[in-house]
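Note sheet for the following structure.
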Amino acid sequence: MNIVAVYNIKGGVGKTSAAVNIAHLAAQDGFRVLLWDLDPQAASTYYFRVKPRIRGGGKKMIRGKLDLDDQIKGTDYENLDLLPADFSYRKMDVALGDIKKPALQLLKLLRPLSYEFDLVVLDCPPSISLVSENIFHAASALLVPTIPTTLSIRTYQQLLKFLKENKLDRIDVLPFFSMADRRKSMHVEIMRQLPKKYRNFMDAWIPYASDVERMGLHREPVTAFAPNAIAARAYQRLWNEVAERLSLQPM
Amino acid sequence: MISRRKPTINPDTAFSPVAGVSLEQFLGELGHRFDFSEERPAYIDRTYLDSFDWRLFEGGGTLCFERESHARRLVWTPHDSRQGRVMLGRVNKPPRFGWDYPPGAMRSTIGPLLEMRALLPRIDLVTRVRTLRLLDDERKTVVRLRVEESRPRRAERDDDELNQEQPPVAVRIVTLPVRGYDDELADLRKWLYDSDRVTPRTPCLLEEAINATGGRVADYSSKLDFEFDPDMPAAEAVREIHRFLLGVMEQNLFGVREDIDSEFLHDFRVAIRRTRSALTQVKGVLPASATDHFKERFAWLGQVTGPTRDMHVYLLGFDDYRDSLPRQYQGDLEPLRAFLIAHQKLEHGQLVERLASPEFEELIRQWRDFLARTDLGARSKHGDKPLIEVASKRIREMAQRVFEEGDAIDDRSPPEDLHELRKSCKKLRYLMEFFQSIYPANKIGGPIREIKRLLDNLGDYQDLEVQAGKLRHFAHQMVEEGATPADTLLAMGMLVDGLLRRQQQKRGEFSERYARFADTENRQRFQALFGNRGGK
Ligand SMILES: Nc1ncnc2c1ncn2[C@@H]1O[C@H](COP(=O)(O)OP(=O)(O)O)[C@@H](O)[C@H]1O
Ligand SMILES: [Mg+2]
């Protein structure tokens, strides 16, 4: 089982969009995929039309009192299951704080599922917190959507610094450009320069495209409702590259 | 560790509309009861893969290479639907051998079943899939229902008209569970089970499709499995044996020619050996003039197929050879592998030529004609005698020879004595296997098992010696052919040493094995089974 987190300190950069589409493409390729919606905003849960839990089971679940297994819901797609967001994730930091080794709790919860899924995609909430620290410990790779702006570069550097300071640099960091607009000269320039400095930047990038926004109307991944759209093909390239870089294989 | 998805309830049972009910009628009724949306129909191209001898099907499942829009995946579906399916995605072209698969559940499932056999396409299907999604109030899918209309595709033909001619496989309605919506699935399945419009059917699409084309799954076996009448004329039984063996040769011929996997040639050669054995061992049943000719011809065929088989054996055993060496010397053996591969190709090329020669075609044609003759038995000494008489006499004589040769062997006997004994044992084993159906099954099984056990020992003993000798021979040949590193030769020397040691070990085990084979009880069993009956 491989765990890949789609993460950025900032919100609104395309994390959920990437997580949803990549999970969908991986499932199409025969991976048994679990998408865990860790964001209380429940955006990926919404995209898959699953009703989020509201009754606060999340706290129990995080503490290991509730079986993760029973919370998983199938989606509209074969091989793709979802662990829906829980509104009480807002209090997740608090829930985690009560546990002995809080930073490893997420990994511990996922372990029993390791023979059931080939790939777990974590759709992460923004910010650096105890939750994200958990994510860094559990994931073998971080997919970092990065809007090609100077500001995002700073956040990216912040992330690298945090990983280094916390001795988390064993994790594969895979940044990619997200919501890129080739008509904007700043985007073009940054997309040219940054990969020279950070060799690990992915070749695949996601253009700014209204099809991605339309996911909210369709409540489906763009790779499902418009598989030939430019955005869908970009996600396909991104997924192919991720699979290759991480040597992912369905079991 | 094999990872399998826990199925909720028997999810793979398929349903089909009963006679007289159209699919539309059924879907209409379904629509009254459930809220569903239908996806655009899709097409799945399916190629079922299995070895020539159906090892996967016989081993408990089917392997299918599915192409659906741009997805390409291999799916292992166990016959027992309580076990989960195993999938492998992103497969452009399915690897042919188990060992070519990436480590994981697929490989650990099919690898041990296939062993050295290659996967072959068994049937191509094109399936039109209508997917109905049962929806909840958020219009979220809670169960999927797939209606599959499949049609076999002629291999290598994409011609639509031809495909239209192929008989369709009955419509299959399959429910696909969505995790976390067990109640909805149970509702739907209960409705399907209760409905008099559809009926559950066998879940194996491969079998249904092959049947629809008039074929049969698992239709190949090289095992001797005859049903003889003890009183039938001996010549008729022998004719049947030879016909079966000729059939095995003919069925394997294409795989031998194309070198698809090593087992084709293996089965081919076993059939030759058994043919020769039947020709020589069942004496006086066929006209002598003819048997002499065919004995000589099949000996020739055995001989020309030998070198390629040798190379197969070394290649199949290569990893074991390598692993038997200390780790630091294992790499030194690689030039041997290259040598074996190159020579296997050469030998196989020659074999293909021989199999295309007039001599070979003539042999097969003459043999087939000969076996079709109506007067087989009349022109021989014992051909018209009851089978049981002829068979028992031959087995009795051969068993006596085995016991005589075996009893004479002690710890100082030369290897040749054991090799001789092996030959006699093989003859005895073939005779018993040819004719086992005319003896009580619960009685002849024991002696056959015992002789196989003894043969395992004798076979290993001789094969290890032959292998050691051959390796020495290869070493010389490699030096002659060019620069072979000294380290390689040294590593091969270690191999030879290891083989000879193992051979000695087998020699040490012989007396215990033989004692068990030749104990009073087994001798009595032979006497009781094959002793005089009505004869002299
Ligand atoms: N490539 C894109 N092109 C256009 N809009 C996008 C793109 N990616 C994301 N969006 C839109 O931006 C908003 C935030 O995206 P989202 O994926 O939810 O980001 P995050 O998870 O990082 O908060 C959403 O409304 C989404 O539809
Ligand atoms: Mg998000």
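Looking at this structure, is residue B:196 modelled with pLDDT of 85 or more, surrounded by fewer than 17 Cβ atoms within 10 Å (Cβ to Cβ) and within 14 Å of chain A (Cβ to nearest Cβ)?
Numbers: modelled with pLDDT of 85 or more: yes; surrounded by fewer than 17 Cβ atoms within 10 Å (Cβ to Cβ): yes; within 14 Å of chain A (Cβ to nearest Cβ): no.
Against the criterion (modelled with pLDDT of 85 or more, surrounded by fewer than 17 Cβ atoms within 10 Å (Cβ to Cβ) and within 14 Å of chain A (Cβ to nearest Cβ)), residue B:196 does not qualify.
Among the conditions (1) of a type outside the set (D, E, K, R); (2) open to solvent by less than 20 Å² (accessible area, probe 1.4 Å); (3) at pLDDT 95 or above; (4) within 10 Å of ligand 2 (Cβ to nearest atom), the only one that residue A:16 does not satisfy is (2).
Scan the stretch B:347-377 for residues that are more than 22 Å from residue B:291 (Cα to Cα) and of a type in the set (A, V, I, L, M) and the total you get is 3. Would it be correct to say that residue B:315 is touching a residue at least 40 places away in the same chain (Cβ under 8 Å) and farther than 30 Å from residue B:381 by Cβ? Judged against the criteria, residue B:315 is a match. Go through the stretch A:19-45 and give me each residue that's within 9 Å of ligand 2 (Cβ to nearest atom), polar (S, T, N, Q) and either farther than 23 Å from residue A:179 by Cβ or not in a helix (DSSP H, G or I) (or both). Scanning the stretch A:19-45 gives a single hit, A:41.
Do the conditions hold for residue B:456, that is, is it on the phi < 0 side of the Ramachandran plot and open to solvent by less than 80 Å² (accessible area, probe 1.4 Å)? Don't jump to the end; show me each part of the working.
Working: on the phi < 0 side of the Ramachandran plot: yes; open to solvent by less than 80 Å² (accessible area, probe 1.4 Å): no.
When the stated conditions are applied, residue B:456 does not pass them.
Scanning the stretch B:17-66 for residues that are aliphatic (A, V, I, L, M), in contact with a strand residue (DSSP E or B) (Cβ under 8 Å, 6 or more places away or on another chain) and part of a loop (DSSP other than H, G, I, E, B) yields B:18, B:21. Remark: residue A:88 falls outside the filter, which requires a residue to be at pLDDT below 95, more than 16 Å from ligand 1 (Cβ to nearest atom), in contact with an Asp or Glu (Cβ under 7 Å, 6 or more places away or on another chain) and polar (S, T, N, Q). Checked against (1) in a helix (DSSP H, G or I); (2) surrounded by 14 or more Cβ atoms within 10 Å (Cβ to Cβ), residue B:416 passes all but a single condition, namely (2).
So, residue A:222, is that one open to solvent by 10 Å² or more (accessible area, probe 1.4 Å), within 16 Å of ligand 2 (Cβ to nearest atom) and more than 14 Å from chain B (Cβ to nearest Cβ) or not? Spelling it out, it is not the case that residue A:222 is open to solvent by 10 Å² or more (accessible area, probe 1.4 Å), within 16 Å of ligand 2 (Cβ to nearest atom) and more than 14 Å from chain B (Cβ to nearest Cβ). I'm trying to understand the selection: among the residues of the stretch A:113-138, which are on the phi < 0 side of the Ramachandran plot and assigned to a loop (DSSP other than H, G, I, E, B)? Matches in the stretch A:113-138: A:114, A:115, A:116, A:117, A:118, A:124, A:125, A:126, A:128, A:129.
The values are calculated or read from the model by the stated rules, or taken from the named source; none is laboratory data. Source: prediction; values computed, not measured. We place every Cβ from the backbone using ideal geometry, glycine too, and count neighbours over all the protein chains shown. In case anyone asks, the SASA skips ligands and DNA or RNA and just uses the protein heavy atoms, side chains included. Shrake-Rupley method; radii C 1.70, N 1.55, O 1.52, S 1.80 Å.
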